[in-house]
Amino acid sequence: MLWLKEHGNASVAKSVLNSEELDKRLRICWLLHRMMVMLKVMDLITVALQSEDHVAQLKEIFPDREEDGNEDLA
């Protein structure tokens, strides 16, 4: 507690934000999150490919932007 009183909250926040360990953990969490999203998409594709009308199911999962009308992509 003495260190906190002497250095203040800003120093504590700065030391935490500059921590290499925190940076590594955040990168790992971000990568794991992205992998989980890709796995969910792959599961959807696998299920769609097993159906008789896999093209229709894939179009439901990934709608064509041109068919949606006047959506602005910019």
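Points to keep in mind about this one:
- Complete set of residues in the range 35-50 that are modelled with pLDDT under 85 and not hydrophobic (A, V, I, L, M, F, W, C): 40
- Test for residue 5: is it outside any loop (DSSP other than H, G, I, E, B), over 20 Å from the mean Cα position of the chain (by Cα), modelled with pLDDT under 80 and basic (Lys, Arg): yes
- Every residue from the range 59-74 that is among the hydrophobic types (A, V, I, L, M, F, W, C) and modelled with pLDDT of 85 or more: none
The values are calculated or read from the model by the stated rules, or taken from the named source; none is laboratory data. Because the structure is a prediction, the values reported are computed rather than measured.
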